[in-house]
Each structure stands twice: as structure tokens, then as C-alpha cells.
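Reading through the C-alpha cells given below for one structure.
The numbers here are math on the coordinates, done by the rules we state, and not lab data. Because the structure is a prediction, the values reported are computed rather than measured. Here Cβ is always computed from backbone atoms with ideal geometry, including for glycine, and neighbour counts include all displayed protein chains.
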4 protein chains.
Amino acid sequence: MTPKLDTAQQHHANHEKHPKQDFQVERLAFFSDAVFAIAITLLIIDIKVPKITKDSTSETVWVQLVDLRYSFFALLLSFTLIANYWIRHHFLFKHIHNYNRKTLIADMFVLLPIIFFPFTTAFFAESSENKQVIILALRLFLLNNILSSLAIYTFYWMAIIKHKEMSFEMAIQEKITFTSDTLFTTIIFLIILLITFITENFQIITWIIIISVTSKKIMDTLLKKRLKQ
Amino acid sequence: MTPKLDTAQQHHANHEKHPKQDFQVERLAFFSDAVFAIAITLLIIDIKVPKITKDSTSETVWVQLVDLRYSFFALLLSFTLIANYWIRHHFLFKHIHNYNRKTLIADMFVLLPIIFFPFTTAFFAESSENKQVIILALRLFLLNNILSSLAIYTFYWMAIIKHKEMSFEMAIQEKITFTSDTLFTTIIFLIILLITFITENFQIITWIIIISVTSKKIMDTLLKKRLKQ
Amino acid sequence: MTPKLDTAQQHHANHEKHPKQDFQVERLAFFSDAVFAIAITLLIIDIKVPKITKDSTSETVWVQLVDLRYSFFALLLSFTLIANYWIRHHFLFKHIHNYNRKTLIADMFVLLPIIFFPFTTAFFAESSENKQVIILALRLFLLNNILSSLAIYTFYWMAIIKHKEMSFEMAIQEKITFTSDTLFTTIIFLIILLITFITENFQIITWIIIISVTSKKIMDTLLKKRLKQ
Amino acid sequence: MTPKLDTAQQHHANHEKHPKQDFQVERLAFFSDAVFAIAITLLIIDIKVPKITKDSTSETVWVQLVDLRYSFFALLLSFTLIANYWIRHHFLFKHIHNYNRKTLIADMFVLLPIIFFPFTTAFFAESSENKQVIILALRLFLLNNILSSLAIYTFYWMAIIKHKEMSFEMAIQEKITFTSDTLFTTIIFLIILLITFITENFQIITWIIIISVTSKKIMDTLLKKRLKQ
């Protein structure tokens, strides 16, 4: 007996399944995927190609390209973050087999901060050489990530925990990992946001970010070892 | 016996089903989803990142960001409205299992006003500080919504009511709710549009919008209570 | 016996079907759909929102909007044409159940002219008030449509006629209608293109377009009557 | 017995299959498709429509269009290359029926260079008339292609070779063809990149490109003959 059949039988026993239920869940996932995919691809259109005239030499154009280094760095950062949020969203849909109006709306709240990424990323890149303004841009970028993370956690909570009947049971280890991952991300971003109101020294903030990311990696490894025991 | 099998048998009894029929309906839904997803994500690219020079301070940039408040408000409004239209479109496809040329064209008429949202939203945001022009922008935005709402109602009427054989039976309560929701939205937007030709006082218009949205919410609650009895 | 089962059995009898064949055909269709959907939605981003200053009045902005009338007209025209090409492409996939490298490449050649629409449409709109330049823009727009039409016909020929084994049999009436539709569109656009090299009088050309579209509609009706007999 | 059933039985025998496994693999493919489709369609928005004033004549506008010839050439080149990478990616998913975190991340690394195409293509077009700068632009464009090719090879290696249990067996000929195709592309681009550091004579480089593409075609034909024997 495969789990597929088991689940199918169980459904038919409990309540009649709408003939297009699977298709509708799929469609919700694909609509969300399309928004993620467009947001991640639009990141590039805010990086303007250097203007080249007849007087341009490889040296002057190289300088113009080097000036774009913060834009490229911001793009890579946002690509990683959006890809990460998409992977979590993707992972949740492995379990979801039905939805109601509330989970539908929770999903829209996941998509809302995602479409802001091209803006906050470009703003971060634009202000990268002005030490005063970059703190403001960093705050906005952090806020964008806090909202994304929180929205994904809320979606998880609505679809997997609160409306259990709409998802396949998630293993307890998976639940712990997902919750800790998502909430930890949110909390780290929140703490860094608070720190930007204490010190505006960008160097100190960078160090705090590096330390917290490293300590998260260590914690992850420890947690995984524990769960395996 | 699950409803899935019932419906399948019924189809085969009535008329032979094309082997790729389900796939083609799916594709129509996904094409529409892609258009909705792109329109909703393109909303952000009309909000231009503030230009930052070496003389910018957090204060001057903050002022530039605050200047964008109407753009952000317009984006949130349009996001909510497009998401709403998508949810209705999504809901209809729960029932549709086949289509003909006319429903196909009706679906294209749903997509046409949707792709105008990035324009009417940006125009609304752009004119937000000019009290004379905002009435014009509001009219265009309302027109965009009236056409979207009407197109969705027409699509519903074509696919569910007129060509019954192309959809699974919708419960009578669902029909009432869908019709009242969609037509009510259309009528409210239409009334507000007419009012903008009587008074150009933006404050009065805002109050009328708030009152009509609130009364709709109350009506919804009453209607739901009735249908449950 | 449903045709679904018939076809399935027939396949298994003839040659072994790859377990992911249906999925791969689907993916090809969805990739194409995404390109169509993006091209159709990008049409709007070339229509720039009028700049509004503190001195703008509803009258000056109205004039600016009226100036955009050719842009809106061009958008509606391109929307109709792209939607039309998509519907044909969509119709073909009702029959295609497999593909080879050649049909894959033929599909890419369908997508290539489609992505040019945002450019040729914007160019057409931009040149609309310069009677000399509009002929040039019209030629480019016609060329874009000729290539789109031809590419769809080639794709049809490759996937349905030449590699019969890759599609479900199309009814002879459907074949006649599809061929006449697609080739007729191509030929009309080609004739109009040739005419622009004879006369550059835009009014005469407009009349020729109106007459040919009308006569096509009449021919369509006659053809349908014939096929029904 | 169809291979479909064989594979299905084999899976159920070996280990229990998650009820949504197929759907999740599909979703990964569609998310990737969406990114490819957006990147390929965004190529057009970097080609700006010529500005037309009342003084423009068909001659002046024609000159402006001719000035865009490098942009159109670069677009066609990038369209071909992205379509090619997509076809390879598409081909791999014919075999993949499951994935793990590592293949998921490998897929993201395929998408990352793809979203850079609108930038490197526009930069290549922009610098086309400045003989000094075009070498720089060519290097960037080559780098973009090297990374794309390498990422696809890595994805193939992860999903098909290293984690054999996640894919249907690929025929040995297919493996040879895929590997030689992908690695050969990478190596050719790499050699040309190295040559740009030896000579900056664009004409010599163009000849080298033409010769290597031609010799690849000849090699392909020879290889195919061999594999058929």
C-alpha cells in the first residue's frame, strides 16, 4: 500500500473531495511562483547599463562598472533571500492539499513583501556610497525581510498548524526546523533593525550581521545533530 | 463513490471527452494567472527609487521617501484589488471543466483591464498632490475597476450560467454570493464615478467611499447569516 | 470506451511512452504561455504616465492623456493580435501529445516575433503623429505580424502535418479552418506591406485594411456554412 | 507493460513515494521556466524606441533604426543562447522525478546567470560602436555564458549522476551527448575569453568564434554517426 492510496482513501472516507481541488491548490502555488519568479528577475532591470560614448575607453567604462559593484552585491543578496523564501514556500506546498479563504489571503500577504524587493534592493544599492543614507536604506531592506519572513511563518501557521485538515501531517522534526528557521530569521533581522537605531556605525552593524549569520549556521548544525539522535 | 468518479462517468456517458481537455482548461487558467501575476508585480516598477547624491542626508532622503507615500498607498490599493479579482477568477475555475471560443474571448476581456492597472495606479499616484488632477486620475482608476469587475461578471455568466454544460454545478448560495459581490463592486465604483461629476471635492468623495465599503461589509455579514439559515 | 483510454492503449501498443512525456509537452506549452503573457503585459509599460506638476490643471493633463490615444489604440490592437496568436498556439496544443527537437525549435521561432511586439507597438504609437514616419512604423508592425503568423503556420505544419505521430488526428474541417485562417492573415498583412511601397497615403492604406478585414469576416462565415453542410 | 507502470511499481517497492512528489518536481520546473521566460522577454525592453519629433523624416528615423542593428543582433544572439539553455534544462527534467536540497540549490545557480542576460546583452549592444569598450562587453557576455553553461552541467551532474536515485536512467548516448555539448560550449567560451586577453583585435576574435562554432557542428555530426553505429 502506498501512502498515496492511503491518503486518497482517507479523504474519501472523511468528506467528499471536489474534483478540481488538486488543480486549484496547484494553481495557487503556480500563481505564487510566477510572482516570485517575476520579482527575482526584475532585480536586474534596476541596474542600468553604463552609457558609452565615442570618448569612452575601457578604463572609463571599467570604472563605471566598478561603480555598480554595490548594485551587483545587492542583487546577489536579494536573489539569495528571495530564492530562500521561495524554497520555504515551495516546501510548505509539499504538505498543503487544500485551502480556504484565510490561507488564500495569508498567501497574498506572502506575495506582497516579495514584490517590494526590486524597490528596496535598488534603494539599498543607490545609497551605498552615502554613509548617512545607507542606514535608512538598510532599515527599509530589513523591514522588507522581516515582513517576508513573518508572512511565511503566518502562512505556515494558518495552513499547517491551525487548519490541520488542509495538509498532510508534517513530521515533528520538520515542524521544529521550519519554525526555528523562519522565526530565527525574523528575529535576527529585527535585532539588527533595532541596533541601527542605537548605532549608525555601518562597520559595527556589518560585524553584527556576520556574527549572527555564523552563529545561526552553528546552531543549525547542533539542532540537526540533536534531531538525528 | 467519490464525486470525481461520478462526474467522470457522467461525462463519458453524455459525450466523449477530448484526451487533452483538462490540460487545455488548465492552460487557460495558467495563462490568465501569468498575466495577473505580471500585472501585480509590475506595480512596483513605476515607483522610482529616490536619486541619492553625495549631498543627500538621511533627512532629505526621508523627505523623498515620504513624497512616495501616495505611490505606496496606490500600490497597496491596486495589489488588494488585483488580488481580489484574481481570487474571483481562481474561484470560477474551480467549476469550469471545459470552454468554447466565446468563454475564451470572455477570459481575454478579463485580462485586458488587468494589464492597465500599472498605468492607472501610477497615474493616480503621480497626480496625488494636485487636487484638480486627482479627480481625473480617480475617474480613470474607477473606470479600470468597473471594467475589470464587469468583465469578471461576464466571464462568470458565460462560463457558468449560459454554457452550463462546461462547468460543474455551482451551489445556489455560491451563485448569489458571487453575483452580488461582483455586481455590487461594479455598482459602487460606478456610483462613485458618477459622483465625481457632481462634486470635485475630494474629501466628500473619500467619505462616500468609506461609507460604501463599510455598508458593503455589513450587507455581506447579513447576507451570509441569511444563507446559513 | 472513452477516447482517452483508446489513445492510451494505442500508444502502449505502438511504442513505449516515456513516463514524463505528458509533463514535458505541458512544460513546453507553459513556457510558451509565459512568454506570451509577459509580452502582452509589457505592452503597458511603454505608455508613460503624464508628468504632473503643481501647475497642471485637469485641462492640461486631459490634453496629455488625449495625446496618448494612439498609444492606447496600438496597445488594444497588439493585445488583440497577440491574444489571437496565443489562441491559435493554444488550439494546436490540444492535439500535440509529443514533440521532437524540430518542433521544439519551431516553437521557439513562434516566441521570437512575439517578444518584439512591445517594441513595434511602441514604435507605431510614437510615430503616429508624423505622417511620413508612420508608414515606416506600419511596415515594421506588419513585418512583426507576418513573421508571427508564418511561424505559427510552420509550427502547425511541423507538429500536426509532418510529424503526424506526435499529435492526435485533427479533423479535416479544423485543418482547413486553421490553414486558411493563418495563411490568410499572413497574406493580407503581406499585401498591405506591399501596398505601403506603392502608396504612402495613410488614408488609402487604412481603407484597404478595413476592406480586407471585412471581406475576411464574410469569407469566414461562408466557409463555416460550407463546412457545416 | 509500459515503462510507466514499471517505474511506479519499482518505486513503491523501494521506498514510499510522497503523495505530492510529482507536483513538487513540476513546480520546480515551472518556477525555473518562468524565470527563463521573463529573462528572454525582458531582452526587448532594453531596446529603446527611437524618439520621433515633428521634424523627423523617414530618412532620419531609418538612420535611428539602423543604429539599433547591434541591439537587434545582440537580442537575437541572447534569445538563441537562452533558448538553448532552456532546452537543455527542459531535457534534464525529462529524467528527474525527485530532488533534494542540493539539487534545488543547483537549480537556483542555473537561474542566477540567466537573469543577468538582459544586462550583459544591453551592455554588449551599447558598446558595439566603440572598438575599445566592446572587448570588455564581450568578456562580460562570455562570462555570463560560461557561468550559465557550467551551472547547467553542475545541475546535470547533481541530479542525474550523483543522485542517481532521483532520476530515470538516462541512456549512455544521451549522457555522452549532453556532457560533450555542455562542456564543449563552456570550454569554447572560456578559450575565446582567454584569447581576448591576448589580442584585442575584434576581427580576429570574430574569426575564431566562427571557426570554433563550425568545428563544433562538424564534431557533432561525426559524434552522432559514431553513436548510431
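Sorted from nearest, the other copies put their A:LYS51 label points 1.1, 1.1, 1.5 nm away, the label point being 7 Å from Cα in the direction of Cβ. Across the identical copies, the label point of B:SER212 (7 Å from Cα in the Cβ direction) is separated from its matches by 4.5, 4.5, 6.4 nm, in order from shortest. For chain B, the longest principal axis of the C-alpha atoms and the axis of helix B:21-42 are separated by about 10°.
If the elastic network links every pair of Cα atoms under 10 Å, which of A:MET158, A:MET219, A:MET166 fluctuates the most in the Gaussian network model of chain A? Result: A:MET219 has the largest fluctuation of those listed.
Summarising the amide proton neighbourhood of A:ILE96: residues at separation of 5 or more, or on other chains, whose placed amide H is nearer than 5 Å comprise A:PHE168. Sequence-ordered 3J(HN,Hα) estimates for the stretch D:179-184 from the Karplus curve with 6.51, -1.76 and 1.60 and θ = phi - 60° stand at 4, 5, 4, 6, 5, 4 Hz, glycine and proline given as x. Beyond 23 Å in Cα-Cα separation lie the following of the pairs A:LYS102/B:LYS162; B:LYS102/B:LYS164; B:LYS20/D:LYS164; D:LYS131/D:LYS217; A:LYS51/B:LYS54: A:LYS102/B:LYS162; B:LYS20/D:LYS164; D:LYS131/D:LYS217.
Counting GluC sites (Glu not before Pro) as exposed when in a DSSP loop with at most 14 other beta carbons within 10 Å, what is the longest stretch of chain B free of them? Before the final figure, lay out each step's value.
Values: sites that count: B:GLU16, B:GLU129, B:GLU169.
After excluding every exposed loop site, the longest remaining stretch is B:17-128.
Residue-wise HN-Hα couplings along the stretch C:99-113, as the Karplus relation 6.51 cos²θ - 1.76 cosθ + 1.60 with θ = phi - 60° gives them from phi, are 7, 10, 4, 5, 5, 4, 5, 4, 5, 4, 6, 6, 6, 4, x Hz; Gly and Pro carry x.
Going out from 0 in 10 Å bins, what whole percent of all Cα-Cα distances in chain B drops into each bin? Bins of 10 Å from zero give 7, 26, 29, 21, 11, 5, 1, 0 percent of pairs. A DSSP coil position with no more than 15 other Cβ atoms inside 10 Å describes the following trypsin sites (Lys or Arg not before Pro) in the stretch A:44-74: A:LYS48, A:LYS51, A:LYS54.
Treating the stretch B:31-92 as a set of equal point scatterers at the Cα positions, no solvent, please give the Debye-formula log₁₀ I(q)/I(0) at q = 0.14, 0.16, 0.17, 0.21 Å⁻¹. Debye curve over Cα of the stretch B:31-92, log10 I(q)/I(0) at q = 0.14, 0.16, 0.17, 0.21 Å⁻¹: -0.53, -0.62, -0.67, -0.83. Legend: mean number of C-beta atoms from other chains within 10 angstrom of residue C-beta atoms, peptide D:90-96, equals 3.
Between D:PHE79, D:PHE91, D:PHE119, the residue with the greatest mean-square fluctuation in the GNM of chain D (Cα pairs under 10 Å linked by springs) is D:PHE91. The helix-based estimate of mean residue ellipticity at 222 nm for chain B, built from -39,500 (n - 2.57) per DSSP H run of four or more residues and divided by its residue count, is -25500 deg cm²/dmol to the nearest 500. Over chain D, calculate the relative contact order: mean separation of alpha carbon pairs under 8 Å at least 6 apart, over the residue count, as a percent. It rounds to 20 percent for chain D. Its residue count N sets the reference 2.2 N^0.38 Å, and the alpha-carbon radius of gyration of the stretch A:138-177 equals 1.47 times that reference.
With a Förster radius of 35 Å, plug the Cβ-Cβ distance of D:ILE208 and C:LYS102 into 1/(1 + (r/R0)^6) and report the FRET value to the nearest 0.05.
Details: r = 30 Å, r/R0 = 0.85.
Computed FRET efficiency for D:ILE208 and C:LYS102 comes out at 0.70.
For the protein assembly as shown, dividing the convex hull volume of the Cα atoms by the residue count gives 209 Å³ per residue. Between the residues A:LEU104, A:VAL133, A:PHE178, the greatest Cα displacement towards the positive end of the dipole of chain A, with unit charges on the Cβ of Lys, Arg, Asp and Glu, is found for A:PHE178.
From the alpha carbon centroid of the stretch A:160-185 to that of the stretch B:130-189 is 37 Å. The calculated Kirkwood hydrodynamic radius for the stretch D:111-163 is 12.1 Å, given to one decimal from all distinct C-alpha pairs.
Highest GNM mean-square fluctuation among C:ARG88, C:ARG27, C:ARG101, for chain C modelled with Cα contacts below 10 Å: C:ARG101.
On a per residue basis, the convex hull of the C-alpha atoms belonging to the stretch A:82-188 measures out at 91 Å³. Using θ = phi - 60° in the Karplus curve 6.51 cos²θ - 1.76 cosθ + 1.60, the 3J(HN,Hα) couplings for the stretch A:48-59 round to 7, 5, x, 6, 10, 10, 5, 8, 5, 10, 4, 5 Hz; x is entered for Gly and Pro. Computed from the alpha carbon positions, the gyration tensor of the stretch C:126-229 leads to an equivalent ellipsoid with semi-axes of 32, 18, 8 Å, biggest first.
Which number comes out as Rg/Rh for the stretch C:19-129 once both Rg and the Kirkwood Rh are worked out on C-alpha atoms? Mind dumping the intermediate values first?
Numbers: Rg = 19.0 Å, Rh = 16.2 Å.
In the stretch C:19-129, Rg relative to Rh is 1.17.
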